[in-house]
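Student: Dropping the structure in here first, questions after.
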Amino acid sequence: MNALIKSATIVDSKSDFHNETVDILIEKGRIAKISKRISNPNNYREIKLDNLHVSQGWFDSSVSFGEPGFEERETIDNGLKTAAQSGFTAVALNANSNPVIDSYADITFVKSKAQNKATSLYPIGALTKSSNSEDLAELFDMKNAGAIAFYDYQNPLDNPNLLKIALQYASNFDGLVCSFPQESRISGSGVVNEHINSTRLGLKGNPALAEELQIARDLFLLEYTEGKLHIPTISTAASVELIRAAKGKKLDVSCSVAIHNLVLTDDYLDGFDTRYKVLPPLRTEKDCEALIDGLKDGTIDMVTTDHNPIDIEDKKIEFDYAKFGTIGLESAFGALQTIFSTKKSISLLTQGKQRFSVNESTISEGAIADLSLFNPDADYQFSKSDITSRSKNSAFLGMTLKGKVYGIIANNKIVLK
């Protein structure tokens, strides 16, 4: 693949060309030259776009596509196309399919479905067999097949001894264990944040305490085992404080926050719209502010879309019975930019790579072209026409977002909307 990108502003603090507006020549999938002006004698494809900005390729540490078993929600093929058009050159795929991805063969299968795509797929293997929290899955075999972490997606591990064993065992091969932060005996059948709005609306509450107890327990186990732990999608102010204290002790812990938990609060529940039924639930303004502060000071390591397509039959029903989840790939950049600067937004979309052993590539001559292309200044109202996912369960529909994504250049391919 050969191309010439014209008049692009580079947003990459690790690059010598950071904040410069330049031409970028790409030959055979690598950056051959970066300069103020580059001619095109070989008649390569030229990419000229309004207010074009280019950064390192973005990474999402938590996406769900459904395949195998839930193809009506999303397929791997269309999911990766959606990711590419949303600016992501790499995504980590959760194990919540049917069957659950919990073996060497399962990891091999999803990787084979993602071959020759512009966006790279990095599978996450289930932590326990069938994600049933009873027996550990084939962690070492899955690691050898290409699994980058182990996680029972949104299934809390109630047995602390099982998590202890997982942390000890995975440390033998530098495996990353993920534990969903929810004490299910406290959360019970709660469907929204337990607070004023849950009482006012008559909806069952899932208290912040359920998340915080689980995190406190997991951090004690981490300290005991000296393992390697990732806590996905935290949502409360006290959770940020717990993790901040753990990092102060030099524990090997990382965490993420879902973008919708940064932007939206439980005030959006007034209309009983199931697009806002997510897990962990939307919390309060105070929690949002603490999460944003945690990202600013580095306590929270990364953001995620927590992209989770749900078919209409499981969303267009009574709130109590609807499934948890929202799609988030298409709205990720625009939503982040309603809170952060462009530079900070890009940093948040790229800095999770090292933790999940995903290849990094700075924008420099000779480097592999792994690029996200975007216009950071375009304001628009997010609508169904912006969604390429099979499922349309976006919590951001109708919101004004900032910044449009053009696409990516990665894996020797160009994908533009």
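Student: Between PHE140 and ASP377, what is the label-point separation in nm under the 7 Å Cα-to-beta-carbon projection?
Tutor: For ASP377 paired with PHE140, the spin-label model returns 5.7 nm.
Student: Under a straight-distance cross-link criterion of Cα-Cα below 15 Å, which aspartates and glutamates are reachable from LYS315, leaving out those fewer than 8 residues away in the same chain?
Tutor: Hits, sequence-local ones excluded: GLU72, GLU74, ASP273.
Student: Could you work out how much longer the chain between HIS18 and SER189 gets when fully extended? Use 0.36 nm per residue separation minus the Cα distance between them, nm to one decimal.
Tutor: Net length gain for the segment: 56.7 nm.
Student: Rounded to the nearest 500 deg cm²/dmol, what is the calculated helix-only ellipticity per residue at 222 nm for the chain, with -39500 (n - 2.57) per DSSP H run of length n ≥ 4?
Tutor: Taken over the chain, the calculation gives -7500 deg cm²/dmol.
Student: If you don't mind, there's one more thing I want to ask. For mean projected area of the Cα convex hull in nm², several values are listed as (1) 23.3; (2) 18.7; (3) 20.6; flag the one computed from this structure.
Tutor: (2)
Student: Could you pull out which residues in segment 235-267 have an amide N less than 19 Å from a spot 7 Å beyond the Cα of GLU223, following the Cα-Cβ vector?
Tutor: 238-255
Student: Taking H as built 1.01 Å from N, whose amide H comes closer than 5 Å to the amide H of HIS230, not counting residues under 5 places away?
Tutor: VAL177, CYS178, SER179, SER254
Student: Run the numbers on segment 140-290 and let me know its relative contact order in percent, using alpha-carbon pairs under 8 Å that are six or more apart. Working shown, then result.
Tutor: On the way: 248 pairs, mean separation 33.3, N = 151.
Reported as a whole number, the value is 22 percent.
Student: Then there's this: Given a 1.4 angstrom probe, what's the average accessible area per residue across the chain, in square angstrom?
Tutor: 39 Å²
Student: Do you know the relative contact order of the chain, to the nearest whole percent, from alpha carbon pairs under 8 angstrom that are 6+ apart?
Tutor: 20 percent
Student: Okay, next question. How high is the FRET efficiency between SER7 and ASP297 when r is their beta carbon distance and R₀ equals 51 Å, given to the nearest 0.05?
Tutor: 0.90
Student: Provide GLU134, GLU71 ordered by accessible surface of protein heavy atoms (probe 1.4 Å), highest first.
Tutor: Result, largest first: GLU134, GLU71.
Student: So, in Å, what gap is there between the alpha-carbon centers of segment 339-373 and segment 50-93?
Tutor: 15 Å
Student: Sequence neighbours fewer than 8 away in the same chain don't count; with that in mind, list the aspartates and glutamates whose C-alpha is under 13 Å from LYS250.
Tutor: GLU223, GLU226
Student: GNM on the chain, C-alpha springs below 10 Å: top fluctuator among ILE34, ILE327, ILE300?
Tutor: ILE34
Student: Given a 1.4 angstrom probe, I'd like the percentage of the accessible area of the chain that is carbon and sulfur, rounded to a whole number. Please list the in-between numbers first.
Tutor: Details: 7610 of 16390 Å².
Its accessible area is 46 percent carbon and sulfur atoms.
Student: When DSSP beta bridges are limited to those with both residues in the chain, what percentage is antiparallel, rounded to the nearest 5?
Tutor: Details: 28 of 56 bridges.
Around 50 percent of the beta bridges assigned by DSSP in the chain are antiparallel ones.
Student: Normalised by the number of residues in segment 90-160, what is the relative contact order in percent for Cα pairs under 8 Å and 6+ residues apart? Let's see the in-between values first.
Tutor: Values: 127 pairs, mean separation 26.2, N = 71.
Result for segment 90-160 is 37 percent.
Student: In whole Å, how far is the Cα centre of segment 99-136 from that of segment 245-279?
Tutor: The two parts, judged by their Cα centres, are 25 Å apart.
Student: While we're on this one: I need the trypsin sites (Lys or Arg not before Pro) found in segment 15-50, filtered to DSSP loop residues with at most 13 other beta carbons within 10 Å of theirs.
Tutor: Hits after loop and neighbour filter: LYS28, LYS36, ARG37, LYS48.
Student: Starting from the Cα-Cα distance between LYS384 and GLN115, subtract it from 0.36 nm times their residue separation and give me the gain in nm to one decimal.
Tutor: Fully extending the segment from LYS384 to GLN115 adds 94.0 nm.
Student: Moving to a separate point now. Taking 0.36 nm per residue of sequence separation and subtracting the Cα-Cα distance, how much length would be gained by fully extending the chain between ASN161 and ASN42, in nm to one decimal?
Tutor: Going from the current span to full extension adds 36.6 nm.
Student: Could I ask something else about it? Which of the residue pairs LYS113/LYS344; LYS143/LYS344; LYS143/LYS164; LYS316/LYS392 have a Cα-Cα distance greater than 23 Å in the structure shown? Please list the in-between numbers first.
Tutor: Numbers: LYS113/LYS344 33 Å; LYS143/LYS344 32 Å; LYS143/LYS164 19 Å; LYS316/LYS392 11 Å.
As for pairs spanning more than 23 Å Cα to Cα, those are LYS113/LYS344; LYS143/LYS344.
Student: If a paramagnetic tag sat 7 Å from the Cα of ASN359 along the Cα-Cβ line, which residues of segment 31-55 would have the backbone N under 17 Å from that point?
Tutor: Within reach of a label on ASN359, which here means backbone N under 17 Å from a point 7 Å along Cα→Cβ, segment 31-55 contributes 31-32.
The values are calculated or read from the model by the stated rules, or taken from the named source; none is laboratory data. Keep in mind that this is a model prediction, so the values were computed, not measured. So basically every Cβ, Gly included, is an ideal-geometry build from the backbone, and we count neighbours across all protein chains shown. Quick note on the areas: whole protein, heavy atoms, side chains included, nothing else; ligands and nucleic acids left out. Shrake-Rupley method; radii C 1.70, N 1.55, O 1.52, S 1.80 Å.
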